[in-house]
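Below is one structure, written out as structure tokens, with a few remarks after it.
Any read-out appearing in this document is the output of simple, stated calculations on the displayed coordinates, not a laboratory observation. Computed from a prediction, not measured in an experiment: that's the story for all the values here. Here the Cβ positions follow ideal geometry from the backbone for every residue, glycine too, while neighbour counts run over all protein chains shown.
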Amino acid sequence: MANAPQSLSILVAASEVVGFAKTGGLADVAGALPVALARRGHRTAAILPLYRGIRTGKQPIAPTEHTLAVPVGDRIIPCRLWQSTFPDSDVPVYLVENSDYFERDDPSQGRGIYQYLDHTGYKRDYPDSAERYIFFCRAVMEAIAVLGYPLDILHANDWQTGLLPVYLKELYRYRPAYQKIRSLFTIHNIAYQGTFKPDVYPLLGLDWRLFNHRQMEFWGQVNFLKSGIIFADWVNTVSPTYAQEIQTPYYGCGLEGVLSERRNRLSGIVNGIDPDLWNPATDPFIPAHYDVESVEIGKPKCKAALQQEFGLPQEPRSPLIGVVARLVDQKGIDIILKAADGMLAKGVQLVVLGEGDPMYHRMLTELAQRFPQQVGLRLKFDEALAHRIEAGADLFLMPSLFEPSGLNQLYSLRFGTVPIVRATGGLFDTISDSTPEQLSAGTATGFRFAGYSAPELTGAIDRALEMYRHHPEQFLQVVRTGMRQDWSWNRSALGYEQLCIRLIEERDGIASGNHDGLRRWSAAGTEIRGVRP
């Protein structure tokens, strides 16, 4: 692929990066984006804490020669910078070492990178969460000076790195190595904000003048996410619709006013997927391979194998619906359960993979016990089984209460499994509803519904079942249209590239207020809606 119009130096800072540490979609972005941008001709790297699981993991790591002096409150805490590369890539990954803050994760003891299991079995945040990520942010800022090349863009992600734009403007801007850096801050889920009591403020090393309702204060507390939003040169989210939704009270989690004030510097870019990892033509986890032309031959074999794996009757024309999700309120598990009896009465089969709220574990187990010939359940995370569900299911449910970007609907498209989604966030942006107009235009890729309720979900399921059973050629058209979509990381990287170029053009006085290029890029399908030049 040809290089970008100009080559930039970009550092992606995140609390987790796939291949090293992962709890959610943030890691996927922080792991895939630097590599995709490097393929487009940019100099990129990622930086994250050196957790215990990384030290004992598969990817080789090595110490660098750099020891950093990191200010936290009135202390100077030394740390060493380690280095690795992304798997199958030469793109560097830097790791901030501090055993006291970061090497406590141990799944066998119920300790993750953010939370631990208390004596009652509930997950709790570590009591020093604020201090851990204050240290990490200051360490990132100190590390920039020793990278060995000038940086153009510092890309912070979620509340754990929300202090980076603040530090850049308030403490580091006067230093020569930092004067040309511009900050981009991506919100992956606004529900997680990093709010702490004001007694942590002295640890920040910032003037108390910033602790006010226009900047870092939020209802008497310090809010790391709000701080990133206020101080960043540009704010991004993980879908265009989510960028609009979080400016409303229903989705904004109290920050809708702050985001509305920054709406001229707020955008949304849908996350991508790895088209090689999620490829039914080559996937090592599925029993039969197929592509868009051979889906009619390969997918039924995957379906039969999935039915067998879950102990369900191998009935080729029984609609098989898949769910792969965290079993929590956000994912719409409550309305799936409310709609389940009526759905199963229509002769469908349902397979569910995931773990989460014990209440949903119990309710789903009871459902599977009542319908043993129709419901298959696995209460765990299993990457290989997730692939087999995507390959074997006919339909895939994602009735989320909110969904900033979403990945499983993109996996489903890739595998020819028609998504049924609630029209929110990235689900709205990536799934084209099977209306008569979209079907006629050949652009329909799934089924959408608007209201968050079991009756609305049931209506969308009924539409899908009607097409599956009575209009199979039309259903196959929807399957194939979905499989031909491009939701790769290269598409997402193009959107991020354009935002970064805009920031550098503004810095260098090139743009002169003319951003027709951004409008062209958005029209070309790179999903930079929410930008208002």
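Each Lys and Arg adds +1 at its Cβ and each Asp and Glu adds -1 at its Cβ; summed about the Cα centre, the chain shows a dipole of about 460 debye. Here the dipole of region 46-133 is about 180 debye; that uses its Cα centre as origin and unit charges on the Cβ of Lys and Arg (positive) and Asp and Glu (negative).
If contacts are Cα pairs under 8 angstrom and at least 6 residues apart, what is the relative contact order of region 273-409 in percent? Mind showing how you got there, number by number?
Details: 206 pairs, mean separation 43.9, N = 137.
32 percent.
Checking every one of the chymotrypsin sites (Phe, Trp or Tyr not before Pro) in region 27-110 against DSSP loop status and a limit of 12 other Cβ atoms within 10 Å picks out no site at all.
Taking the Cβ of Trp278 as the centre, find all other residues whose Cβ is under 9 Å away and add up their charges (Lys, Arg: +1; Asp, Glu: -1).
-3
Looking at the chain, the DSSP beta bridges with both ends there are about 35 percent antiparallel. Restricting the calculation to Cα atoms, every distinct pair contributes to the Kirkwood radius of region 256-371, found to be 17.4 Å.
Where the alpha-carbon atoms of the chain are placed on the principal axes, they occupy 68, 57, 44 Å, in descending order.
Highest average first, the peptides 167-173, 222-228 ordered by how many other beta carbon atoms sit within 10 Å of their residues are 222-228, 167-173. Rounded to the nearest 5, what is the percent of antiparallel bridges among the DSSP beta bridges in region 99-230? Bridges in region 99-230 are about 65 percent antiparallel. Converting the Cα gyration tensor eigenvalues of region 295-483 into ellipsoid dimensions via √(5λ) gives semi-axes, longest first, of 23, 19, 15 Å.
For an R0 of 51 angstrom, estimate the FRET efficiency from the Cβ-Cβ distance between Lys346 and Thr56 and round to the nearest 0.05. If you can, show how the numbers build up before the last one.
Numbers: r = 48 Å, r/R0 = 0.95.
Using R0 = 51 Å, I get an efficiency of 0.60.
As an exercise, identify the trypsin sites (Lys or Arg not before Pro) in region 1-101 lying in DSSP coil whose Cβ has no more than 12 other Cβ atoms within 10 Å.
On the way: sites: Lys22, Arg39, Arg40, Arg43, Arg52, Arg55, Lys58, Arg75, Arg80; in loops: Lys22, Arg40, Lys58.
When the trypsin sites (Lys or Arg not before Pro) of region 1-101 are filtered for loop state and at most 12 Cβ neighbours within 10 Å, Lys58 remain.
The overall shape of region 320-424, judged from the alpha-carbon gyration tensor, is rounded, with an a/c ratio under 1.5. Placing R0 at 22 angstrom, the Cβ-Cβ distance between Asp462 and Ser440 gives a FRET efficiency of 0.55 after rounding to 0.05.
In the chain, helical runs assigned H by DSSP with n ≥ 4 each contribute -39500 (n - 2.57); averaged across all residues and rounded to the nearest 500, the mean residue ellipticity at 222 nm is -10500 deg cm²/dmol.
Sorted on the mean count of surrounding Cβ atoms within 10 Å across their residues, most packed first, peptides 286-294, 24-32, 119-127, 307-315 read 24-32, 286-294, 307-315, 119-127. Computing Rg and the Kirkwood Rh from the Cα coordinates of region 1-73 gives a ratio, Rg/Rh, of 1.03.
Each peptide in 329-336, 340-347 receives the mean, over its residues, of other Cβ atoms within 10 Å, and ordering these scores from highest gives 329-336, 340-347.
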